[in-house]
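Engineer: I'd like to ask you about the structure that follows.
The values are calculated or read from the model by the stated rules, or taken from the named source; none is laboratory data. Just so you know, these numbers come straight off a predicted model, no measurement behind them. FYI the Cβ positions are ideal-geometry reconstructions off the backbone, even for glycines, and counts take in every protein chain you see. In case anyone asks, the SASA skips ligands and DNA or RNA and just uses the protein heavy atoms, side chains included. Shrake-Rupley method; radii C 1.70, N 1.55, O 1.52, S 1.80 Å.
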Amino acid sequence: MSIPITDNNRNSLTNPVLDNPFELTLGTVILVVFGMFMLLFGLLRFRIQTGELPYNPDSAYGLLLVLCSIQMITLGKTPFGTFHRNWILIILGFSTAILGTGACFIPGFLAGIIPELVGILMITGGFVLFLHLLFSKGRTQEWIRVPGILQHLTFACGFVYLTEILFGLVILFPWFFSGVSASLLSLVFSVSLFYLAWCIQKVSLVYPQKETADQTNSSVSHSKNRLFQVLFLEEVPLSIPVSFLLLLGVIFTECAVLLIPVSQGLYPFSRDSQFGLLMVIMAIQVLALGKTPLGVYKRSWILILIGLVVVSLGIYSCIIPGLLTGWMFFSLGIWNVITGSTGLGKILHPVVRTIQSPPDDLVFPSPAKKKLLRMVIILHLLTILFGINLIIPGFIPGEIVLGNLFILGILLILLAGMVGKVPTTV
């Protein structure tokens with residue numbers, strides 16, 4: 001989990017300057033994560049179908065649904081195309097994220113629903129997008145005439161849409177495909193996703209997008225129905241870091257709520273999938289935003305490699321339960337302890353220095369900044385406590401862990417609502 005420390009880098013995180021190949025866009029990162037999922041899924045299926053490895057289909061397809069939700073919440077991209085990030089789309093994205101998270105946490109609870117939902121979305125979405133690619137009279141016809149990266153982008157889109165349709169058919173009608181053919185299709189799908197990710201990253205470098213923030217406001221200013229305008233037409237002003245804060249807050253809160261019946265023995269619970277999902281989300285932030293436990297850094301090959309390793313381990317844990325449990329818990333615990341400790345250090349160090357050498361023009365923070373500061377300090381302390389519980393299981397009583405998760409989730413949601421309103425350098 002990563003908590004924003006400064007406000008100075010918010011604009012750069014939301015709209016990264018693509019001045020070198022390491023500055024990956026969020027769209028590129030999510031496609032790479034999708035590709036990693038399909039690559040690992042295809043390779044592991046060869047051993048899953050022989051019974052050599054356990055398999056958690058609910059968690060695997062739940063993770064796919066959460067990845068789709070991240071695209072919707074942060075970029076407005078849906079299985080049927082890209083739309084304005086209005087409140088209806090944001091609400092739909094968080095709803096599917098809750099469903100996918102529930103499937104990851106409680107195996108069997110949504111059995112049959114999540115795989116069918118993912119399969120239907122892939123078939124219908126791929127079909128709609130492929131038809132639009134073939135018959136649209138706009139950009140596609142222009143792209144195909146321009147030699148170079150735009151032609152590659154057109155072919156890559158068609159490649160992805162067709163393999164997406166086939167993969168959806170494999171999910172809905174597994175009896176129609178042999179295990180080997182389904183595994184090979186997953187590998188082909190991963191190649192198509194990596195190809196499309198490369199094309200989109202290249203296009204982002206060659207053709208940087210222009211700001212279009214005022215377009216939505218001008219188009220909705222004449223709407224008579226305010227509710228309709230707010231829900232369907234107005235762009236939601238959520239930056240990418242704030243969107244991830246909200247998503248993590250929702251996931252922690254849902255986890256705390258689900259653990260109540262789990263603690264009573266009413267449902268099983270998959271800790272592998274829980275922390276695998278968190279690892280994937282944190283890896284996306286590392287790859288797309290440069291967020292690490294030690295702070296925000298400019299992305300390099302080393303940072304990208306770390307992000308890919310973390311996302312691979314998270315995906316593996318969601319697909320194959322049990323094999324990485326102990327090592328994963330310890331690593332995730334260390335990650336959270338370092339994140340919380342570093343955050344506290346960045347807050348307390350200037351305070352101690354000011355006390356030791358008070359400046360002549362000492363400026364006291366406003367009440368809003370004080371409130372935000374207290375909230376961030378509590379979040380860092382809870383993050384450290386969460387990490388300690390992972391490193392030393394059972395050291396903290398279960399009731400305290402449950403309360404920690406719930407308060408952590410609520411504070412993350414509240415912090416997301418305050419970050420954009422309080423100009424501060426917490």
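Engineer: Name the one entry in Gly93, Gly102, Gly125 that is open to solvent by less than 30 Å² (accessible area, probe 1.4 Å), farther than 20 Å from Leu172 by Cβ and either among the aromatic types (Phe, Trp, Tyr) or touching an Asp or Glu at 6+ places or on another chain (Cβ under 8 Å) (or both).
Structural biologist: Being open to solvent by less than 30 Å² (accessible area, probe 1.4 Å), farther than 20 Å from Leu172 by Cβ and either among the aromatic types (Phe, Trp, Tyr) or touching an Asp or Glu at 6+ places or on another chain (Cβ under 8 Å) (or both) holds for just one of Gly93, Gly102, Gly125, which is Gly102.
Engineer: Could you tell me how many of the residues in region 268-302 are in contact (Cβ under 8 Å) with a residue 40 or more places away in the chain and part of a helix (DSSP H, G or I)?
Structural biologist: Final tally of qualifying residues: 19.
Engineer: Condition check: open to solvent by 60 Å² or more (accessible area, probe 1.4 Å) and not small (Gly, Ala, Ser). Does Thr82 satisfy that?
Structural biologist: yes
Engineer: In region 144-198, which residue that is among the polar types (S, T, N, Q), in a helix (DSSP H, G or I) and open to solvent by 40 Å² or more (accessible area, probe 1.4 Å) is farthest from Phe37 (Cα to Cα)?
Structural biologist: Gln151
Engineer: While we're on this one: Looking at region 66-79, which of the residues that are in contact with a strand residue (DSSP E or B) (Cβ under 8 Å, 6 or more places away or on another chain) and either touching a residue at least 60 places away in the same chain (Cβ under 8 Å) or more than 17 Å from Ala283 (Cα to Cα) (or both) is surrounded by the most Cβ atoms within 10 Å (Cβ to Cβ)?
Structural biologist: Of everything passing the filter in region 66-79, Met72 is surrounded by the most Cβ atoms within 10 Å (Cβ to Cβ).
Engineer: Checking Ala111 against (1) part of a helix (DSSP H, G or I); (2) small (Gly, Ala, Ser); (3) out of contact with any Cys (no Cβ under 6 Å at 6 or more places or on another chain): exactly one of these is not met. Which one?
Structural biologist: Result: Ala111 passes all but (1).
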